[in-house]
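The values are calculated or read from the model by the stated rules, or taken from the named source; none is laboratory data. On a predicted model such as this, the values are computed, not experimentally measured, just so you know. Backbone-built Cβ (ideal geometry, glycine too); neighbour counts: all protein chains shown. Areas reflect the complete protein model, heavy atoms only, side chains present, ligands, DNA and RNA absent. Shrake-Rupley method; radii C 1.70, N 1.55, O 1.52, S 1.80 Å.
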Amino acid sequence: MAAKLLFGIIITLLAILALVLVVVVIGGILAGLLAPVLGSVPISYNFRSIRARWTSTIVAILGIAGTVGVFVAMLSLARGFRATLVASGSAGNALVMRAGSTSEMMGGITLDSVKIAMDQPGVARDASGQPLATQEVVGVIPIPLISTGTDANVEVRGVSSNVLEIRKFVKIVQGRIFHSGLDELVVGKNASKTYQGLTVGNTVNFGGGQWKVVGVFDAGGSAFDSEVWCDGRILNEVLKRPDNIFQSATVHLTSPAAFQQFKDAVTSDPRLNLEVQREVDYYAKQSSTMTRLITVLGGLVAAIMAFGAIFGALNTMYSAVSERGREIATMRALGFSTWSVILSFLFEALLISFVAGVLGCLAVLPLNGWTTNTMNFQTFSNLAFAFKITFDLLVMGVLFALVMGVLGGLLPALRAAMRPVAVSLREL
Amino acid sequence: MKFNRLILANLFRKKARLFLTIGSFAVALFLFAFLSVVNDAFGRGADVAGADRLIVINRTSIINTIPLSYRDQILRIPGVKAVTHDNWFGGVYQDEKNFFPQFVIDPESQRQVYPELVVPDDQWNNFLKDRDGAIVGAATMKRFGWKIGDRVPIKTTLYGLAGTAWEFNIDGVYHGKDPKDDETQFWFRWDAFEERVPERLKGQIGWYILRVENPDDSVRIAKAIDTMFMNSPYETRTETESAFAAGWVKQFGNIKFLIVTIGTVVFFTLLLVTGNTMAISVRERTPEIAILKAIGFSDRAVLGFILSESLVIAVLGCIGLLLALLAVPVLSRAMAGLLPALLISPKVLISGVAAALAVGFASAILPGLGAMRMRVVDALRRV
């Protein structure tokens, strides 16, 4: 009972502290930015003093820029990974798997079940009245990575020949789609950049056979871009799966709103043991563990670095204040108010941190779109994805820099202004 | 040590600055420790891989199975000491977030191939007698608070009707001899597995692990195995356990590169910050240094003072390593299903201290040399 009370008190105090900190930081940023207007110390003083102490300034800038750079890079890594998986799939498609499966890799559904599911209401049909559905076989095969030469487990998906009509967001950008019945492959654009030998005209060896790469597709940056697609029936034989058993089926719905109708029809049919999800929801779930890992690790690293940067900024600003003791005293003796001096220092701190923030962002910008790869535990397969730096991430980076600047500049500014003039003038 | 008072007095003249510089060191060292620990966790598999063990997987795909009938043929190859086999079960205990690896093992041969994973004899004997028995690694036992004798349900996802619970009796706990050994695994018996899987999956194992008499024979034996099963419906691929683990780690992408980059950025920044601080502090004390020289302290002594101050700060900054030592076990538990156990090794701590001292030295050397060479007359004039 007492422990709970104590805990409650501590949490409340921490919450109040956090609130005060937030208010101070926001106030500091606003005050600093408005300093040229609010305060009477001319900003040319700030520019000149930065120039006079350019070594210290460069040091502070580099410290903050480094932290912002790492912060933006880590977040864009997590974003890129998540974007890949979230972008996968369309709201107009539904994925059908064996009930209880958490991923496509597990479980099997029979061709008969797929045929029954395809006939349910809500499934779009093509010009000849056939339901738009693709039954798929998924596996992993070893292909060497271009970067290390060692094998990565690449996801290979056996699809039906009408797959492009169902996954309308996938476009062939080079070559053509495979001909059904032949040992041909069509590869995702990220896959061709990450794994060896996946270029049009090349032959790949796996499953005891030679496969010819006939095309490259662009799946809009989704997980499919890391995959290799081929004819489902041939893959089934190669992977020694029983005939007519697939891992999943994807149907194109008449409209995204038809999802519920389709799902209800499939799950209530006693002949079927299937579950239905929207394609987008399935892929969002597939990324959860890895995204969490990257975000947690990245967040921890950025938080630690932020502390370091704040210490560094504080150190630099404190030193700056102690070096400028006489200047400050002179300014106050001349008649500038304490308030103006504080604003002036805040402005300088913000100016430095703003420049540092922009520099940090610019430094990591070349990473945008750079593909890297990692293994997604949940699907046991390698996933190539790109760093994704968006405008809002850059804005967050600069804001982060400003926050560090305020935290680093506020206390020294207060100190500078509060010291008695006579004492400061007397200093050697 | 007669100059301690002087050095300490100089350090404490600006307490805020001292605190902040120590803080910068502490943060950088904490980060260094954290990154080393994460890097080590990613590469853990490769570290504990046995030098005398080989892994045999299906050549077409790692998720394809190999027949159990291959075992006897493998045993007949000269130089093979023992063979065991594993299947990946991949079940769920209550919630997917509670992930831990479950393997179907062959009780007869397990201990011959993995002697470093130790189970007390009485527990192992109970396991041998109990068809539904399970042996659990110490870390997983602790994570869920299980005790020997508990009956645990694991929901199957890959075999049989998905979502059905397979129940096992915990008959024993295994511990690894080396702190780096994986203690999260859940083992249960091949015969229990074989009985419950559908007909078409019977007699199929996931991969073989064999132990060889002489590690130098690995290449020959690997080739012999793969040649033996070439052109069969289940072609194999054999490599040493360390090569396999290293390949696995490489699939995680270039984590090492990422970490080294961050580490370099951090240390470079730290160097700049502390170097600048030392430079400012020396500049401020020009008159005092001049007076010290005027009263008779040698140039070398002055250099010594400045270097000592910096090194003292560096040593005090090692508190960051102490913080890391305390924080790592907490972080490890928080990330239990995501990463292997985070361990901080003495090597990391020693490298941290060495790096701190190096930065302390490097940041003070230029200002120190400047102070050393300063001419008393010029310095006194600058008062």
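As a test question: what accessible area, to the nearest 10 Å², does B:R237 have when a 1.4 Å probe is rolled over all protein chains in place?
Answer for B:R237: close to 50 Å² accessible.
Need one value for B:271-281: mean number of C-beta atoms belonging to other chains within 10 Å of its residues' C-beta atoms. Mind showing how you got there, number by number?
On the way: counts 1, 11, 12, 3, 2, 11, 7, 0, 4, 10, 2.
Partner-chain Cβ atoms within 10 Å, mean over residues of B:271-281: 6.
Using Cα atoms only, what is the angle between the long axis of helix A:391-418 and the major principal axis of chain A, expressed in degrees (0 to 90) to the nearest 10?
The answer is roughly 20 degrees.
What whole number of Å gives the distance from the Cα centroid of the range B:111-143 to the Cα centroid of the range B:5-30?
Between the Cα centres of the range B:5-30 and the range B:111-143 lies a distance of 52 Å.
For the cross-link pairs A:K189/A:K212; B:K97/B:K142; B:K180/B:K223; A:K115/A:K263; A:K240/B:K202, which exceed 19 Å when the distance is taken from alpha carbon to alpha carbon?
The answer is B:K180/B:K223.
Pairing the Cα long axis of helix A:288-323 with the longest principal axis of chain A, what angle in degrees results, from 0 to 90 and rounded to the nearest 10?
Here the helix axis deviates by roughly 10 degrees.
Only Cα pairs under 8 Å and at least 6 apart count here; give the relative contact order of chain A as a rounded whole percent. Don't skip to the end; give the middle numbers.
Numbers: 794 pairs, mean separation 120.3, N = 428.
Relative CO of chain A lands at 28 percent.
Could you tell me the largest-minus-smallest coordinate of the C-alpha atoms of the range A:1-158 on each of the three principal axes, in descending order and whole angstroms?
81, 56, 39
Over the whole of A:321-333, what's the average partner chain Cβ count within 10 Å per residue? Rounded to a whole number, please. Write out the running numbers ahead of the final one.
Working: counts 1, 6, 3, 0, 0, 0, 0, 0, 0, 0, 0, 0, 0.
Going residue by residue through A:321-333 and averaging, the value is 1.
Please compute the volume of the convex hull spanned by the alpha-carbon atoms of the range A:111-175 and report it per residue in Å³. Provide the component values of the computation, followed by the final result.
On the way: hull volume 8.4 nm³, N = 65.
With only Cα atoms used, the range A:111-175 gives 129 Å³ per residue.
Quick one: Kirkwood hydrodynamic radius for the range B:26-100, alpha-carbon pairs, angstrom, one decimal?
On the way: mean 1/r = 0.0599 Å⁻¹.
Averaging 1/r across every pair of different Cα atoms and inverting gives 16.7 Å.
With runs of 4+ DSSP H residues as the only contributors, calculate the mean residue ellipticity of the protein assembly as shown at 222 nm using -39,500 (n - 2.57) per run, divided by the residue total and rounded to the nearest 500. Each step should come with its number before you reach the end.
Numbers: 30 runs with 437 residues, N = 811.
For the protein assembly as shown, the value works out to -17500 deg cm²/dmol.
I'd like the distance separating the alpha-carbon centroids of the range A:369-412 and the range A:279-341, in whole Å.
That distance is 15 Å.
Considering chain A as a Gaussian network with a 10 Å cut-off on Cα pairs, which listed residue, A:A133, A:A333, A:A94, attains the greatest mean-square fluctuation?
For chain A, modelled as a Gaussian network with Cα springs under 10 Å, the answer is A:A333.
Only bridges with both residues in chain A count here: give the DSSP antiparallel percent, nearest 5.
Restricted to chain A, the bridges split so that about 85 percent are antiparallel.
Which percent of Cα pairs goes in each bin when the distances of the range A:281-370 are cut into 5 angstrom slices starting at zero?
Pair shares across the bins are 2, 10, 12, 16, 14, 11, 9, 7, 6, 5, 3, 2, 1, 0.
To the nearest 10 square angstrom, how much accessible area does A:T203 have with a 1.4 angstrom probe?
Near enough 80 Å² of accessible area.
Ordering B:I280, A:I10 from largest to smallest accessible area (1.4 angstrom probe), what's the sequence?
Numbers: B:I280 0, A:I10 85 Å².
Heavy-atom accessible area, descending, gives A:I10, B:I280.
Placing +1 at every Lys and Arg Cβ and -1 at every Asp and Glu Cβ, with all other atoms neutral, what dipole size does the range A:61-183 have around its Cα centre, in debye to the nearest 20?
Numbers: 10 positive and 9 negative charges, 78 e Å.
Here the size comes out at about 380 debye.
List the lysines whose Cα sits under 29 Å from the Cα of B:K14, skipping any in the same chain fewer than 8 residues away.
Cα-Cα hits under 29 Å: B:K2, B:K293.
Given the range A:186-284, what percent of its DSSP beta bridges are antiparallel, to the nearest 5? Walk me through the numbers before you get to the answer.
Details: 6 of 9 bridges.
The antiparallel proportion sits near 65 percent.
How large is the accessible surface per residue of the range A:137-202, computed with a 1.4 Å probe and reported in Å² as a whole number?
Numbers: 2440 Å² over 66 residues.
On a per-residue basis, the range A:137-202 sits at 37 Å².
Nothing charged except the Cβ atoms of Lys and Arg (+1) and of Asp and Glu (-1): what's the magnitude of the dipole of chain A about its Cα centre? Round to the nearest 20 debye.
On the way: 32 positive and 26 negative charges, 321 e Å.
Roughly 1540 debye, rounded to the nearest 20.
Just to make sure I understand: if all protein chains stay in place, what is the order of A:F246, A:F7 by accessible area at 1.4 Å, largest first?
Details: A:F246 15, A:F7 135 Å².
So, going from the largest accessible area down, we get A:F7, A:F246.
With the cut-off at 1.5 for a/c, could you classify the range B:210-352 from its C-alpha gyration tensor as rounded, prolate or oblate?
Values: a/c = 3.86, a/b = 3.03, b/c = 1.27.
Prolate, since a/c reaches 1.5 and a/b exceeds b/c.
Which aspartates and glutamates does B:K155 reach when only Cα atoms under 14 Å apart count, and residues fewer than 8 places away in its own chain are ignored?
Counting by Cα, and skipping residues close in sequence, B:K155 has these aspartates and glutamates nearby: B:D95, B:E96, B:E167.
Relative to the first principal axis of the alpha-carbon coordinates of chain B, what is the inclination of helix B:299-317, with its axis defined by its Cα atoms, in degrees from 0 to 90 and to the nearest 10?
Rounded to the nearest ten degrees, it is 40.
Packing-wise, with mean Cβ within 10 Å as the measure, how do B:32-41, B:86-95 rank, highest first?
Ranking, from highest mean packing down: B:32-41, B:86-95.
Which listed residue (B:I344, B:M372, B:Q123) has the Cα farthest towards the positive end of the charge dipole for chain B, taking +1 on Lys and Arg C-beta and -1 on Asp and Glu C-beta about the Cα centre?
B:M372
Ranked by accessible surface with a 1.4 Å probe, highest first, in what order do A:K171, A:K388 come?
Working: A:K171 115, A:K388 85 Å².
Accessible-area ranking of A:K171, A:K388, largest first: A:K171, A:K388.
State the three equivalent ellipsoid semi-axes of the protein assembly as shown, derived from the C-alpha gyration tensor as the square roots of 5 times its eigenvalues, in descending order and whole Å.
Details: eigenvalues 713, 220, 120 Å².
They are 60, 33, 25 Å, listed from largest to smallest.
Return the percentage of antiparallel bridges among DSSP beta bridges fully within the protein assembly as shown, rounded to the nearest 5 %. Mind showing how you got there, number by number?
Values: 74 of 92 bridges.
Among the beta bridges of the protein assembly as shown, antiparallel pairing accounts for roughly 80 percent.
About the Cα centre of the protein assembly as shown, how large is the charge dipole given +1 on each Lys and Arg Cβ and -1 on each Asp and Glu Cβ? Please answer in debye to the nearest 20.
On the way: 75 positive and 63 negative charges, 831 e Å.
About 4000 debye.
Considering the dipole of the protein assembly as shown built from charges on the beta carbon (Lys and Arg +1, Asp and Glu -1) around the Cα centre, which of A:Q196, B:I22, A:V423 is farthest to its positive end?
Most positive-ward Cα: A:V423.
Within 10 Å of each Cβ in B:10-23, how many Cβ atoms from other chains are there, averaged over the peptide? Before the final figure, lay out the partial values.
Details: counts 0, 0, 0, 0, 3, 0, 9, 5, 1, 3, 11, 3, 1, 7.
The shielding value for this peptide is 3.
To the nearest 10 square angstrom, what accessible area does A:K212 show with a 1.4 Å probe?
Around 100 Å² of this residue is reachable by solvent.
Is the shape of the range A:102-213 rounded, prolate or oblate, going by the alpha carbon gyration tensor and its root eigenvalues a ≥ b ≥ c, with a/c under 1.5 for rounded and a/b larger than b/c for prolate?
Working: a/c = 2.29, a/b = 1.70, b/c = 1.34.
Taking the square roots of the gyration eigenvalues as a ≥ b ≥ c, the range A:102-213 is prolate.
Which residue fluctuates the most in chain A, going by a Gaussian network model with Cα springs under 10 Å, if the choices are A:I50, A:I109, A:I16?
Looking only at A:I50, A:I109, A:I16, the largest GNM fluctuation is found for A:I16.
Out of A:Y283, A:Y318, A:Y45, any idea which swings most in a Gaussian network model of chain A, alpha carbons joined below 10 Å?
Per the Cα network of chain A with a 10 Å cutoff, A:Y45 tops the list.
Have a look at B:V38, B:I170, B:F188 and report the one farthest towards the positive end of the charge dipole of chain B, computed about the Cα centre with Cβ charges (Lys/Arg +1, Asp/Glu -1).
Projecting each Cα onto the dipole axis, the largest value belongs to B:V38.
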